[in-house]
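Asks: Quick one: the structure is below, questions incoming.
The values are calculated or read from the model by the stated rules, or taken from the named source; none is laboratory data. None of the values given here were measured: they were computed from a predicted structure. No Cβ is skipped: glycine too gets one built from the backbone with ideal geometry, and neighbour counts run over all protein chains shown.
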Amino acid sequence: MDITSFLIYCIIATFTPGPTNIVILSIVHNFGAKKAIKYTYGATIGFGLLLVISALLNTIMITIIPKILIVMQIIGSIYMFYLAYQIYKTDTSNPTVNQTTTFLSGFLMQFLNPKVVLFTLTVFPSFIMPYYSAIPALTISIITITLIGFSAFTTWVLFGAIFKELLQKYNKTVNVMMALFLAYAAIMIWM
């Protein structure tokens, strides 16, 4: 296995902007890093669980992936448009706890996030299973990829915390931009 290609693929897929990272940035911006960390923990556990499911079922799912992907595209697009709307209408002058800031929301987002689903379904057959099929190797791969994902999520929390004052200064503009990026991600699922 080419470890360098594997790590580059994992880092690019987890650190680049996607629905989860945009929502994390929005939560930090609107509710603070503490709320974003709760969401991040949920997102990490969901990401790890999705990796486990993918590793266990990858050989079976290869025949039904096209059917699953269309359902995930529909559900994921609807959910991302909903999140984009929630980000757009967020009023930081009235700091109430938003449902998108919870552990459960972060957890569930991973299963509705097409970027994450596609990543978890492709990383094993592309980089791991051609070389390793033993449970210890798959377990180490799952742990490694989950830690990379957690690092990406916390990087977005830190980015949001560092630039929070700047983001709050242009609050409405930032919310509109994040909502548009999320809506764009929902549209790009179909491209």
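Asks: Being surrounded by 12 or more Cβ atoms within 10 Å (Cβ to Cβ), of a type outside the set (Gly, Ala, Ser) and farther than 16 Å from Ile74 by Cβ is the filter here, so list the residues in the range 171-191 that pass it.
Replies: Asn171, Val174, Asn175, Val176, Met177, Met178, Leu180, Phe181, Leu182, Tyr184
Asks: If you don't mind, there's one more thing I want to ask. Select, from Ile78, Ile22, Ile53, Ile87, the only residue that is over 26 Å from Thr139 (Cβ atoms) and at pLDDT 85 or above.
Replies: Checking each option against the conditions leaves just Ile22.
Asks: Would you check which residues across the range 8-23 are of a type outside the set (Gly, Ala, Ser) and touching a residue at least 24 places away in the same chain (Cβ under 8 Å) and list them?
Replies: Once the filter is applied, which keeps residues that are of a type outside the set (Gly, Ala, Ser) and touching a residue at least 24 places away in the same chain (Cβ under 8 Å), the range 8-23 yields Tyr9, Cys10, Ile11, Thr14, Phe15, Pro17, Pro19, Thr20, Asn21, Ile22, Val23.
Asks: Still on this structure, please answer the following. In the set Leu118, Leu147, which member is out of contact with any helix residue (DSSP H, G or I) (no Cβ under 8 Å at 6 or more places or on another chain) and not β-branched (Val, Ile, Thr)?
Replies: The match here is Leu147.
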